[in-house]
Amino acid sequence: MPTDHRNYVNGEWVDSESGDVFEVRNPANADEVVGRFQDSTPADVEAAVDAAVEAQSDWGGLPGPERGRILRRTSAVLEERKEEATETLVREEGKTRSEAAGEVQRAVDIFAYYAQKARDVGGVVKSPSGQNSGLSTRREPLGTVGLITPWNYPIAIPAWKLAPALATGNTAVLKPASAAPTVAEILFECLDEAGLPDGAANMVTGSGSRVGTPLIEHDAIDGVSFTGSTGVGTQVARTAATDLKRVQCEMGGKNPTVVMPSADVDEAVDVVGTGAFGTTGQSCTAASRAIVHEDVYDEFVDAMVEYAESIEVGPGLEDPDVGPHVSESELESTLEYVDVGQSEGATLETGGAELTEGVYADGYYVEPAVFSDVDPDMRIAQEEIFGPVLSIVRASDFEDALRTANDVEYGLSASIVTQDVTEAEQFLDRIEAGVAKVNEKTTGLELHVPFGGYKDSSTNTYREQGDAGIDFFTATKTVYRNY
Ligand code: NAD
């Protein structure tokens, strides 16, 4: 029997005033209902924001180390529940067991990291121009913030927004993505068990229009941190900016890996393949384009096809290489792009078919797909696909490769595989991406460095994680003292 889940408002688990619920199904077996969630309304958002506003001065007034203690306990409680959270994440989002365990561990580590950071939310002291005076800055919480998150990292992203928001003394209302809300709920159970005061963090589930929009439009919300698609994020940024709210939106990607002739082709295939097909290609930083020098192009394509055909696709709980898509609509979108690529004249070297027999019968599975002969201006080379589809583009030289790499609207992550130091440094200097890597896959970023995109991948206002998380959630006050 699926469990019914509730909103978390003012320290209580409550039903929506709508009386309606929506279902989440297991993407590996759509017959299985994982849970039923509150289909909330603007009135539920209002109640959550009221609770958060009410709680803010007490929470923000606690000494940083006290807030840090609660975050550290949250990390510890989540670590104790790691197995359960991992399995839940697999069942609702479809990730493989290893990917899910890595993501839950990321959430554990993020709370531990910001628990420590809560001690360091200070300011700087500067030399004053006058005598007998002081000049310094201090960081203060924004107030109450609205957090909106996507389904593809449904515990890590709520964690990397909630932890710095709370560490710095803000109170928060989170709207998780409807495809995978259970693991965000686990996070709130951990915060509750760790002793978070009522109202400091609240969670309301439901649709973007009935929960997300009222949240970002609410007068009492001082900052909005959104992660999701560029289409929705652009709207969120516009709405929030109308009210002069602080806003950050981290959005889509079309991430390239450039492969140069000095690269070891097997290493390049591994770098591209793990970046392209890991998490079923459903990462914002997934390698979606391999831009390969013509001297190694044919060799790379052959080896990439072999790699893709060796990938084991299956239910995440069995820990294969690649799990299902999160939903039928995401599967349909990937299949549509496979058709688009073929109709544009690219060569489908392997994969791209829906898997429907046996263990695949009730899930959203597709064979990892590799396209060659992709022109840089084809839709499959320009648009975010969010599935296990790799487009291989031929480049005549380094300049051509770099031009192609930069010739998209997005600029999230990018990498180059080369043994040539000059090429590597030129790439790092000139690639238009918020994350740039040499001889590494485009996916994956450590939690203590800033994360965010260039161009249409981000509002480019603030970064997330590391010290950047503290920057977004605090305002700087400049203080003069005369004595
Ligand atoms: P999405 O934009 O459809 O939804 C994101 C969140 O916004 C969800 O909670 C959704 O319910 C909510 N939402 C939808 N409409 C809204 C509205 N009008 N007002 C307010 N909120 C609204 O994205 P998704 O499908 O959940 O996630 C996939 C996308 O997220 C991809 O484009 C991916 O690249 C991106 N992403 C980016 C990063 C990053 O850090 N750059 C990380 C993960 C995912």
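Would you call ASP120 over 19 Å from the mean Cα position of the chain (by Cα) and surrounded by fewer than 24 Cβ atoms within 10 Å (Cβ to Cβ)?
Numbers: over 19 Å from the mean Cα position of the chain (by Cα): yes; surrounded by fewer than 24 Cβ atoms within 10 Å (Cβ to Cβ): yes.
Considered against the rule, which asks whether it is over 19 Å from the mean Cα position of the chain (by Cα) and surrounded by fewer than 24 Cβ atoms within 10 Å (Cβ to Cβ), ASP120 comes out as yes.
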- Message: Looking for something assigned to a loop (DSSP other than H, G, I, E, B) and closer than 18 Å to VAL271 by Cβ - is there at least one such residue anywhere in segment 402-409?
- Response: no
- Note on the structure: Across (1) within 7 Å of the ligand (Cβ to nearest atom); (2) surrounded by 24 or more Cβ atoms within 10 Å (Cβ to Cβ), ASN255 clears everything bar (1)
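How about segment 196-281: which strands (runs of 3 or more DSSP E) wholly inside it have at least 1 residues that are under 25 Å from LEU331 (Cα atoms) and under 22 Å from the mean Cα position of the chain (by Cα)?
Numbers: elements: 201-203, 223-227, 246-250, 255-259.
Hits in segment 196-281: 223-227, 246-250, 255-259.
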- Whichever residue in segment 292-314 is within 28 Å of the chain's Cα centre (by Cα) and not charged (D, E, K, R) and, among such residues, is surrounded by the most Cβ atoms within 10 Å (Cβ to Cβ): VAL292
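Taking the conditions exactly as written (modelled with pLDDT of 95 or more, within 17 Å of ALA201 (Cβ to Cβ), surrounded by fewer than 23 Cβ atoms within 10 Å (Cβ to Cβ) and not polar (S, T, N, Q)), does GLY61 satisfy them or not?
Details: modelled with pLDDT of 95 or more: yes; within 17 Å of ALA201 (Cβ to Cβ): yes; surrounded by fewer than 23 Cβ atoms within 10 Å (Cβ to Cβ): yes; not polar (S, T, N, Q): yes.
In short, yes.
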- Would you be able to say whether some residue in segment 337-356 is of a type in the set (A, V, I, L, M), at pLDDT 95 or above and surrounded by fewer than 15 Cβ atoms within 10 Å (Cβ to Cβ)? yes
- When you go through (1) within 30 Å of LEU135 (Cβ to Cβ); (2) touching a Ser or Thr at 6+ places or on another chain (Cβ under 7 Å) one by one for GLY434, which number turns out not to apply? (1)
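Given the criterion assigned to a helix (DSSP H, G or I) and either crowded, with 24+ Cβ neighbours inside 10 Å or within 9 Å of the ligand (Cβ to nearest atom) (or both), identify the matching residue among PRO164, PRO150. Can you show your working first?
Values: PRO150 fails: assigned to a helix (DSSP H, G or I).
Just one listed residue meets the conditions, PRO164.
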- Index of the failed condition, THR239 passing every other in (1) in contact with a Cys (Cβ under 9 Å, 6 or more places away or on another chain); (2) within 9 Å of the ligand (Cβ to nearest atom): (1)
- Note on the structure: Residue hits (segment 384-401; farther than 16 Å from ILE431 by Cβ and either out of contact with any Asp or Glu (no Cβ under 9 Å at 6 or more places or on another chain) or part of a strand (DSSP E or B) (or both)) are GLU384, ILE385, VAL389, LEU390, SER391, ILE392, ARG394
- Query: Any idea which of (1) near the ligand (Cβ under 9 Å from one of its atoms); (2) part of a helix (DSSP H, G or I) is the one SER178 doesn't satisfy?
  - Reply: (2)
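Out of all the residues in segment 292-315, which are touching a Leu at 6+ places or on another chain (Cβ under 8 Å) and within 16 Å of GLY387 (Cα to Cα)? Please lay out each step first, then the result.
Within segment 292-315, the subset touching a Leu at 6+ places or on another chain (Cβ under 8 Å) is 304, 308, 313.
Answer for segment 292-315, where residues must be touching a Leu at 6+ places or on another chain (Cβ under 8 Å) and within 16 Å of GLY387 (Cα to Cα): ALA308, VAL313.
Checking the structure you have, find out if any residue of segment 109-132 is in the same structural domain as GLN38 (by TED's automatic domain parsing), touching a Pro at 6+ places or on another chain (Cβ under 6 Å) and more than 16 Å from the ligand (Cβ to nearest atom).
Applying the first criterion (in the same structural domain as GLN38 (by TED's automatic domain parsing)) to segment 109-132 yields 109-132.
Now drop any that are not touching a Pro at 6+ places or on another chain (Cβ under 6 Å), which leaves 114, 119.
Those left that are additionally more than 16 Å from the ligand (Cβ to nearest atom): 114, 119.
Yes, some residue in segment 109-132 is in the same structural domain as GLN38 (by TED's automatic domain parsing), touching a Pro at 6+ places or on another chain (Cβ under 6 Å) and more than 16 Å from the ligand (Cβ to nearest atom).
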- Task: Only residues that are without any contact (Cβ under 8 Å) to a residue 40 or more places away in the chain and over 14 Å from ALA276 (Cβ atoms): list them for segment 340-359, please.
- Result: GLN342, SER343, GLU344, GLY345, THR347, LEU348, ALA353, GLU354, THR356, GLU357, GLY358
- Task: Taking ARG289 as meeting all but one of (1) surrounded by 24 or more Cβ atoms within 10 Å (Cβ to Cβ); (2) in the same structural domain as THR149 (by TED's automatic domain parsing), write down the number of the exception.
- Result: (2)
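Rundown of residues vs (1) within 16 Å of the ligand (Cβ to nearest atom); (2) under 15 Å from HIS5 (Cα atoms), yes/no style:
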position: LEU191; (1), (2): no, no
position: PRO197; (1), (2): no, no
position: ASN202; (1), (2): yes, yes
position: GLY206; (1), (2): yes, yes
position: HIS218; (1), (2): yes, no
- Could you list, in sequence order, all residues of segment 220-233 that are touching a residue at least 24 places away in the same chain (Cβ under 8 Å) and near the ligand (Cβ under 10 Å from one of its atoms)? VAL224, PHE226, THR227, GLY228, SER229, THR230, VAL232, GLY233
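Does GLU328 satisfy being within 24 Å of the chain's Cα centre (by Cα) and surrounded by fewer than 23 Cβ atoms within 10 Å (Cβ to Cβ)?
yes
Please work out if VAL421 is in the same structural domain as ASP400 (by TED's automatic domain parsing) and without any contact (Cβ under 8 Å) to a residue 60 or more places away in the chain.
Values: in the same structural domain as ASP400 (by TED's automatic domain parsing): yes; without any contact (Cβ under 8 Å) to a residue 60 or more places away in the chain: yes.
When the stated conditions are applied, VAL421 passes them.
Just give me the residues in segment 215-244 being more than 27 Å from ASP407 (Cα to Cα) and surrounded by fewer than 21 Cβ atoms within 10 Å (Cβ to Cβ), in sequence order.
Applying the first criterion (more than 27 Å from ASP407 (Cα to Cα)) to segment 215-244 yields 215-225, 239-244.
The answer is GLU217, ASP219, ALA220, THR239, ALA241, THR242, ASP243, LEU244.
Any idea which residue in segment 261-282 is farthest from the ligand (Cβ to nearest atom), counting only those that are hydrophobic (A, V, I, L, M, F, W, C) and touching a helix residue (DSSP H, G or I) at 6+ places or on another chain (Cβ under 6 Å)? Walk me through it before giving the result.
At the first step, the residues of segment 261-282 found to be hydrophobic (A, V, I, L, M, F, W, C) are 263, 265, 268-269, 271-272, 276-277.
Subset that is touching a helix residue (DSSP H, G or I) at 6+ places or on another chain (Cβ under 6 Å): 265, 269.
Working: VAL265: 28, VAL269: 24 Å.
Only one residue tops the list, namely VAL265.
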- Message: Checking the structure you have, find out if any residue of segment 179-195 is surrounded by fewer than 24 Cβ atoms within 10 Å (Cβ to Cβ) and more than 20 Å from GLU12 (Cβ to Cβ).
- Response: yes
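The values are calculated or read from the model by the stated rules, or taken from the named source; none is laboratory data. Keep in mind that what you see is a predicted model, and the values were worked out from it rather than measured. All Cβ positions, even for glycine, are placed from backbone atoms using ideal geometry, and neighbour counts span all protein chains on display.
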